[in-house]
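Single-structure report; data block below.
Read the figures in this text as sums done on the coordinates, not as results from a lab. Everything numeric in this text was worked out from a predicted model, so none of it was measured. All Cβ positions, glycine included, derive from the backbone under ideal geometry; neighbour counts span all protein chains shown.
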Amino acid sequence: MWRQALGRLPALAVRGRPLGPGGGRAYAPPAERKRFYQNVSISQGEGGFEINLDHRKLKTPQAKLFTVPSEALAIAVATEWDSQKDTIKFYTMHLTTLCNTALDNPTQRNKVQLIRAAVKFLETDTLCYRVEEPAALAELQKKEWDPIVAWAEKRYNVTIGSSTSIMGPNIPASTRDTFISHLASYNMWALQGIEYVITQLKSLILSMGLIDRHITVEKAVLLSRLEEEYQIQRWGNVEWAHDYDLCELRARAAAGTLFVHLCSESSTVKHKLLQD
Amino acid sequence: MAALGSPLRTLRGLLRELRYVSGRAYRDTAAYRHVLAAFRAHRVTSEKLCRAQQELHFQAATYLCLLRSVRQHQALHREYHGRGERSPEEVAGLVGFRLPRQPGGKG
């Protein structure tokens, strides 16, 4: 569990575990960090927007100052921190995590490596791996996934195709190059977001659909989990597993998409003259 | 283009999620002000297919999905996964036993 370094702050205190009779210990979940701040606010610094927890400035796990380029992103991160009630649940703060990753770059990858990792996913893209049986699932995959693949092929002028073999589709080098040059047009922050979304959804095509605003997050998650949804329809839904995973995937995909859009936009307001 | 529905619905959902996050004082938060300002700024336009409006609506819908799914995820976690293991007494109690008490030793 990483900790936020905020000047001089006491180390995380671990609550003593309760002892049962005979010295047996009952497992209690590890103590979480309590909310130690009252107000969350934003301020503009030299590098961008910063988050203030009470009067202290937020820092990344590697103790760098937490700065984001976009005001909307800063507001969303501040809302995440503000929404923590008694304890801080880092696993719900997806935008904060993404910003920390972009600022610290813990895997130390440069732009070329990130793009390569993202495009490599095309070879194992979910939408390209089809089943042959059960026939209903194969039919569903054809009905739901083919339009998206066709859209991607048309939009980027490439050939992708699909395959039922275990080796997967044969992606021509020109397709790979097209995607590499397309992704090169995004800045480093947006690329971290894109790579994150691809890893979560297990599909490059779906992620591009999200980035290009062709499909909504809910639809992308549904398409990514198509086989699971088919089995749920057939055998029933288990709330503590299926819904749990669904909500988590939706949250992560939405956070990643929002992150990419907020990091790669530049908004200008043009006032139109009112004509009477 | 993504099937997004009406912007009004997205806005109302967003405001409701912000209310769940912040409680009574949700109208004073920066997020509330920013969302309302953004929606107002892009409302008046003579073009039928305003690209900026579509972009904003998509962003708003994405943020709404984020807030909603985080809230639902937390609720599910609290209900099903938040309790840790049972203590030995509880486990014994499940089948109607009680743990033995021995003087000066185990139990």
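Partner shielding of B:85-92 amounts to 4, given as the average count of beta-carbon atoms from other chains within 10 Å of each residue beta-carbon. In this structure, A:K154 and A:R109 have a Cβ-Cβ separation that, at R0 = 35 Å, corresponds to a calculated FRET efficiency of about 0.70.
In this rough spin-label picture, where each label sits 7 Å from Cα along the Cβ direction, the B:Y26-A:D146 distance is 4.4 nm.
Taking the number of Cβ atoms within 10 Å of each Cβ as an exposure proxy, the fewest-first ranking of B:H42, A:H94 is B:H42, A:H94. When each of B:Y63, A:Y186, A:Y37, B:Y80 is scored by the number of other beta-carbon atoms lying within 10 Å, the sequence from fewest to most is B:Y80, A:Y37, A:Y186, B:Y63.
Label-to-label distance for A:Q231 and B:F97 is 3.5 nm, based on points extended 7 Å past Cα in the beta-carbon direction. Would you mind estimating how fast the protein assembly as shown diffuses translationally, via Stokes-Einstein at 20 °C and 1.002 mPa s with the Kirkwood radius over Cα pairs, in µm²/s? For the chosen part, D equals 91 µm²/s. If both residues of a DSSP beta bridge must be in the protein assembly as shown, then about 90% of such bridges are antiparallel. Taking the Cβ of A:E265 as the centre, find all other residues whose Cβ is under 13 Å away and add up their charges (Lys, Arg: +1; Asp, Glu: -1). That sum, taken over residues with Cβ under 13 Å, equals 0.
Given chain B reduced to its alpha-carbon atoms as identical point scatterers, what log10 I(q)/I(0) does the Debye formula return at q = 0.12, 0.15, 0.21 Å⁻¹? Summing over Cα pairs of chain B leads to -0.59, -0.75, -1.13. For the residues of A:206-217, the average number of beta carbons from a partner chain within 10 Å of their own beta carbon is 3.
Each peptide in A:70-80, A:254-264 receives the mean, over its residues, of other Cβ atoms within 10 Å, and ordering these scores from highest gives A:254-264, A:70-80.
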